[in-house]
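FYI, it's all coordinate maths here, none of it is from the lab. It should be emphasised that the depicted structure is a prediction, and the values quoted were computed from it without experimental measurement. Note that each Cβ is placed from the backbone with ideal geometry, even for glycine, and that neighbours are counted across all protein chains shown.
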Amino acid sequence: MSLLTALVALAADPVPPSSSSGPGPGGASAQHHHNQGQPFTGWPLGDLEAPGALLAAAASLARRAANGDKELIFMATGSDANSLSVTNNSLVTLATLGLRRHVMLLADGWQTCEVLRAVLYGPCFWSSRMLRRQPADSITLRKFWDFRFRFYYIKKKYMALLVEGGYAVLQADTDTVWMHDPFRMLRLMR
């Protein structure tokens, strides 16, 4: 399936803000089958809120550097066509550097992961704690609320848990173009 076909399919069936985000905690563990009409819940997809899922996903993706660091790139994407296209571009440049397999990609829901799984052939995760609705009625949120705000809290939470778990994590935007492996320079900055 081409990226364009997947984007068209996603646009035809967008993720509504009040929809379920897939199975709750415990539903995304090691179940390796796909029931029709239900989200795929085994790797390469999973709810990072399932017990132990975040660190298990990190362990399966991290690169072990010569200095012992467990290196991981953390990215997040929304379900709109532009976000998915930009994410694809970034992942392609990461693949040319041999880093694609070390990316923990957080999507806005399991539906987006299903689309990405069909076209990007890599792991994709979501969080059942993702904000689905605007948390307050403020001037700032009325003016600027969009899908990016849904990620703010959860990205900070996961970054803290990953660092606490001993991972060297680089959080990057999906519009990053990767020309070189950034971890080589980051290791020198110690």
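Show the residues, 5+ positions off or on another chain, whose built amide H is closer than 5 Å to the amide H of residue 107.
77, 125, 126
Between residue 134 and residue 180, what is the spin-label point distance in nm, taking each point 7 Å from the Cα along the Cα→C-beta axis?
Spacing of the two 7 Å Cα→Cβ label points: 4.4 nm.
Within 10 Å, count the other beta carbons around each residue, average over each peptide in 60-73, 172-185, 83-96, and list them highest first. Walk me through the numbers on the way to the answer.
Details: 60-73: 15.9, 172-185: 13.4, 83-96: 18.1.
Final packing ranking: 83-96, 60-73, 172-185.
How high is the relative contact order of the stretch 70-181, given as a whole-number percent (alpha carbon pairs under 8 Å, six or more residues apart)? Don't skip to the end; give the middle numbers.
Details: 139 pairs, mean separation 46.0, N = 112.
Here the relative contact order equals 41 percent.
For the stretch 53-68, in order, what is each residue's ³J(HN,Hα) by Karplus, 6.51 cos²θ - 1.76 cosθ + 1.60 with θ = phi - 60°, in whole Hz (x at glycine and Pro)?
3J(HN,Hα) across the stretch 53-68, in whole Hz: 5, 4, 6, 5, 5, 4, 4, 7, 9, 5, 9, 8, 7, 4, 7, x.
Output ³J(HN,Hα) for the stretch 171-181: one whole-Hz value per residue in order, computed from phi by the Karplus curve 6.51 cos²θ - 1.76 cosθ + 1.60 with θ = phi - 60°, and x for Gly and Pro.
Working through the residues one at a time gives 8, 10, 6, 6, 8, 6, 9, 9, 9, 9, 6 Hz.
Using the Cα gyration tensor of the stretch 144-190, with a ≥ b ≥ c the square roots of its eigenvalues, what is the shape: rounded (a/c below 1.5), prolate (a/b larger than b/c) or oblate (neither)? Provide the component values of the computation, followed by the final result.
Details: a/c = 3.71, a/b = 1.39, b/c = 2.67.
It is oblate, given that a/c is not under 1.5 and a/b is not larger than b/c.
Quick check: Cα centre of the stretch 89-138 to Cα centre of the stretch 149-190, how many Å?
About 14 Å separates the Cα centre of the stretch 89-138 from the one of the stretch 149-190.
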